[in-house]
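The values are calculated or read from the model by the stated rules, or taken from the named source; none is laboratory data. Because the structure is predicted, anything quoted here is derived from the model rather than measured. Every residue, glycine among them, receives a Cβ derived from its backbone with ideal geometry; neighbour counts consider all protein chains shown. Side chains are part of the model used for accessible areas, which takes the heavy atoms of the whole protein and leaves out ligands, DNA and RNA. Shrake-Rupley method; radii C 1.70, N 1.55, O 1.52, S 1.80 Å.
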Amino acid sequence: MTDLRSKTFVPFFFTMGLGAFNDNLFKSAIAIFLTYNLPKSEANFLVQLSAGLFILPFFLVSGISGQICDKYEKSSLMKKIKIMEIVIMSVGAYGFIKADINVLLTTLFFMGAQSTLFGPVKYSILPQHLTGKFLLKGNAYTSMGTFIFILMGTILGGILVSKEVTLNFKYFAISFAIIFFAIAGFFSSIFIPEATAANPKQEIGYNIFKQTYKTLKLAHFSKQTRESIYGISWFWFFGFFFMASLPIFCRDIIKGSEIIATIYLALISIGMGTGSIIGNSLTKGNLRMGIVGISGVLLSVFAILFSTINSTNGSTLKNLNDLILQSNFILSSTYLLFVGIFGGLLIVPLYTQLQISVPDQDRSKFIASNNIMNALFMVLAAIFSMILLRFNLKINQIFIIVGLLNGFYFLAYIYRNPRDFYLSFFDLLIRSIYKVEIEGIENLKQKGPSILAANHISFIDPLLLCVVANRAPIFIMDQAYFDLKLLQWFYTSAQAIPITPKKICPDGLEKAINATIEQLRRDEMIAIFPEGFITKTGEIIQFKDGIKRLGEAVPELTLYPVAISGMWGSWFSRHIDGKAMNGLPRRRSFRTKIKISVGKPIKGPDIIPEKVQDEVEKLRGDRL
């Protein structure tokens, strides 16, 4: 699968979307049915019970479902799961027609079990058909589709069991709908291309408690899987509070009716879908984990801002017109939309990192581990919410508390992953200041020891390389700048390697070379300017032989020549008598066009300074 518009991705997208739609159509209909047809105390209990019944299978059978998904071919498995959905929805339709609560709750439990089985298939099949930038893009569209289909299903479920509809059609409308969309999902699944079994020899363990425990342990397989699974689970912890409590916030704080609550739910869902797509555009199809920390912190900012909104008068907002007439409508809508956007921005990279950081043959089991952890965090969120409510806190106060907790979580994420944060931050910063043309970025590989070797024309060249680097590089820099006390914390957290000329420190060069070799043997990417100095003429200075020594020490090393052009004459270049940053920036300032070109890879034994310099000069051309 190489094109998201192809006949291979489209059926998967609609199979996934229709499943999410039908799940929420059914759940929403049951919640409204119970709320408006039973005494308040009984309805409140059964609504909470129904939520628990849907989540319960994620604890019970996620471990087994991961094994099943790894053992069998996935497209045929998806067809069988969709047939299962048709059967389950037929029982649910009977429950609605007979108004049998026991049948409806039983159906909800089995829908949860069906979703538990479908989740690992959905996220593990994508990497089998999508690679490179298409995987991130595929996840973005999958995430967007999920949020939009969830929203539409939730809204339609409420409509089909409303009094206006049931007075005319009783519960035949909702019964027809859940069967119809289950059948539509099955027909869509027929066109999904084959995805070979990842591990046909996988043995299925039927001890649900043992398998759940073993599957949970997979969350700690590596740093990447741990951060992905806990990050996704924390997102759902936060999301449980926000999505589940938003109607209460609208009722008690905004003084809005059910229609207003639906409008706000629509805004946040639209924001999440939009954020999922924006993330892929911002990163140009590259996996940039720094976006997670940035988005998480901004998510908290807008969540807290939204929590400070109050209704401007005591009257109830009954419809959209009443809401628009409120003076704070623009603010509240904007805050909520950005909560959704930053939520969508952070969730896609986390899912993508999880998919690519685990063994192919066990990917479904890791997705199952994530599902269990998600369910656990949502249960913890429900318990935490009940505890806060027992202290008579208002819902907006709870929103502020959860917003602050979310901010602390993602600040800690940034602290643990500073290089990823710097890469994303400086990438966004440079592309907002300059019009950057990128060429040859497809030459870069995601893994293995590698070097970006670029010409040195300005003081911000290291930041410019953040635009093309597909993972966080380690920079080699002058010891004199590294020792600046004001910035040393920054250089240290970025793991920069200081280098000192022999005439200043006899062993300084050797220490830097050895430290660089050590990082390359850990499969890191190193960014280096082989000239050793920033040019004072605009012309490239002769490359030094340090890169040759690195190629000899690490034979599997790959070097990428990089040419930066368009920065000569900028405030950051030494274009005025060999000096830079004199006076105020005038030339080559805001939105100036620059170009960064990445050349074909050069393998370790072929890394010769003259050859690398020649490649950089060819890439740069005549433009300085």
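Consider segment 455-481. How many of its residues are farther than 23 Å from GLU539 by Cα and either among the β-branched types (Val, Ile, Thr) or within 33 Å of the chain's Cα centre (by Cα) (or both)? Within segment 455-481, residues that are farther than 23 Å from GLU539 by Cα and either among the β-branched types (Val, Ile, Thr) or within 33 Å of the chain's Cα centre (by Cα) (or both) number 6. Being touching a residue at least 24 places away in the same chain (Cβ under 8 Å), farther than 22 Å from LEU34 by Cβ and open to solvent by less than 50 Å² (accessible area, probe 1.4 Å) is true of SER189. Taking ASN280, is it of a type outside the set (Gly, Ala, Ser) and either assigned to a loop (DSSP other than H, G, I, E, B) or at pLDDT 70 or above (or both)? Yes; evaluated as a whole, the condition is true for this residue. In summary, GLY604 fulfils each of the numbered conditions (1) touching a Ser or Thr at 6+ places or on another chain (Cβ under 8 Å); (2) at pLDDT below 90; (3) more than 19 Å from HIS456 (Cα to Cα); (4) open to solvent by 10 Å² or more (accessible area, probe 1.4 Å) with the single exception of condition (4). Among residues of segment 75-91 that are without any contact (Cβ under 8 Å) to a residue 24 or more places away in the chain, those with a Cβ under 9 angstrom from a residue that is among the hydroxyl-bearing types (Ser, Thr, Tyr) and open to solvent by less than 10 Å² (accessible area, probe 1.4 Å), sequence gap 6+ or separate chain, pair up as VAL91/THR107.
Here are GLU437, GLU442: which of them is free of Cβ contacts under 8 Å to residues at least 12 places away in the same chain, open to solvent by 20 Å² or more (accessible area, probe 1.4 Å) and in contact with a Gly (Cβ under 9 Å, 6 or more places away or on another chain)? Quick ask: steps written out before the conclusion?
On the way: GLU437 fails: free of Cβ contacts under 8 Å to residues at least 12 places away in the same chain.
Within the list GLU437, GLU442, the selection yields GLU442.
Checked against (1) modelled with pLDDT under 90; (2) buried (at least 20 other Cβ atoms within 10 Å of the Cβ); (3) touching a helix residue (DSSP H, G or I) at 6+ places or on another chain (Cβ under 7 Å), LEU388 passes all but a single condition, namely (2).
Going by what's in this entry, would PHE482 be described as surrounded by 15 or more Cβ atoms within 10 Å (Cβ to Cβ), modelled with pLDDT of 90 or more and closer than 26 Å to PRO418 by Cβ?
Working: surrounded by 15 or more Cβ atoms within 10 Å (Cβ to Cβ): yes; modelled with pLDDT of 90 or more: no; closer than 26 Å to PRO418 by Cβ: yes.
Here the answer is no, as PHE482 does not meet what is asked.
Pairing each residue of segment 202-225 that is closer than 20 Å to TYR72 by Cα with any residue that is part of a loop (DSSP other than H, G, I, E, B) and small (Gly, Ala, Ser), provided the two are 6+ apart or on different chains, yields C-beta distances under 7 Å for GLN211/GLY205. Name the residues in segment 409-434 that are within 17 Å of the chain's Cα centre (by Cα), open to solvent by 40 Å² or more (accessible area, probe 1.4 Å) and aromatic (Phe, Trp, Tyr), would you? If the condition is that a residue be within 17 Å of the chain's Cα centre (by Cα), open to solvent by 40 Å² or more (accessible area, probe 1.4 Å) and aromatic (Phe, Trp, Tyr), then TYR409, PHE421, PHE425 are the ones that fit.
ILE253 meets the conditions (1) at pLDDT 85 or above; (2) open to solvent by less than 30 Å² (accessible area, probe 1.4 Å) in every case but one. The failed one is (1).
Within the option set ILE192, ILE204, being at pLDDT 85 or above and not in a helix (DSSP H, G or I) holds for one residue only, ILE192. Whenever a residue of segment 166-183 is touching a residue at least 24 places away in the same chain (Cβ under 8 Å), its partners that are outside any helix (DSSP H, G or I) and open to solvent by less than 30 Å² (accessible area, probe 1.4 Å), lying with C-beta atoms within less than 8 angstrom and at least six residues away or across chains, give the pairs TYR171/VAL161; ILE174/VAL161. Scanning segment 267-304 for residues that are basic (Lys, Arg) and open to solvent by 10 Å² or more (accessible area, probe 1.4 Å) turns up just one, LYS284.
Is there a residue in segment 21-32 that is in contact with a Gly (Cβ under 9 Å, 6 or more places away or on another chain), open to solvent by 40 Å² or more (accessible area, probe 1.4 Å) and modelled with pLDDT under 80? Within segment 21-32, one or more residues are in contact with a Gly (Cβ under 9 Å, 6 or more places away or on another chain), open to solvent by 40 Å² or more (accessible area, probe 1.4 Å) and modelled with pLDDT under 80.
Considering the conditions (1) among the acidic types (Asp, Glu); (2) closer than 17 Å to PHE14 by Cβ; (3) surrounded by fewer than 19 Cβ atoms within 10 Å (Cβ to Cβ), GLU73 is excluded by exactly one of them, (2). Only residues that are closer than 15 Å to PHE21 by Cα, touching a helix residue (DSSP H, G or I) at 6+ places or on another chain (Cβ under 8 Å) and among the hydrophobic types (A, V, I, L, M, F, W, C) were counted across segment 160-194, and they come to 11.
Of all the residues that make up segment 453-477, how many are touching a Ser or Thr at 6+ places or on another chain (Cβ under 7 Å) and open to solvent by 10 Å² or more (accessible area, probe 1.4 Å)?
The first filter runs over segment 453-477 and keeps only residues touching a Ser or Thr at 6+ places or on another chain (Cβ under 7 Å), leaving 456-458, 476.
After this cut, where a residue has to be open to solvent by 10 Å² or more (accessible area, probe 1.4 Å) as well, the list is 456, 476.
Residues flagged as touching a Ser or Thr at 6+ places or on another chain (Cβ under 7 Å) and open to solvent by 10 Å² or more (accessible area, probe 1.4 Å) within segment 453-477 amount to 2.
For segment 438-471, residues that are assigned to a helix (DSSP H, G or I) and not β-branched (Val, Ile, Thr) total 8.
Could you identify the single residue in LEU584, LEU624, LEU559 that is open to solvent by less than 20 Å² (accessible area, probe 1.4 Å), hydrophobic (A, V, I, L, M, F, W, C) and either at pLDDT 90 or above or part of a loop (DSSP other than H, G, I, E, B) (or both)? Write out each step before concluding.
Numbers: LEU584 fails: open to solvent by less than 20 Å² (accessible area, probe 1.4 Å); LEU624 fails: open to solvent by less than 20 Å² (accessible area, probe 1.4 Å).
None of the other options fit; the residue is LEU559.
In summary, THR535 fulfils each of the numbered conditions (1) in contact with a helix residue (DSSP H, G or I) (Cβ under 8 Å, 6 or more places away or on another chain); (2) open to solvent by less than 20 Å² (accessible area, probe 1.4 Å); (3) polar (S, T, N, Q) with the single exception of condition (1).
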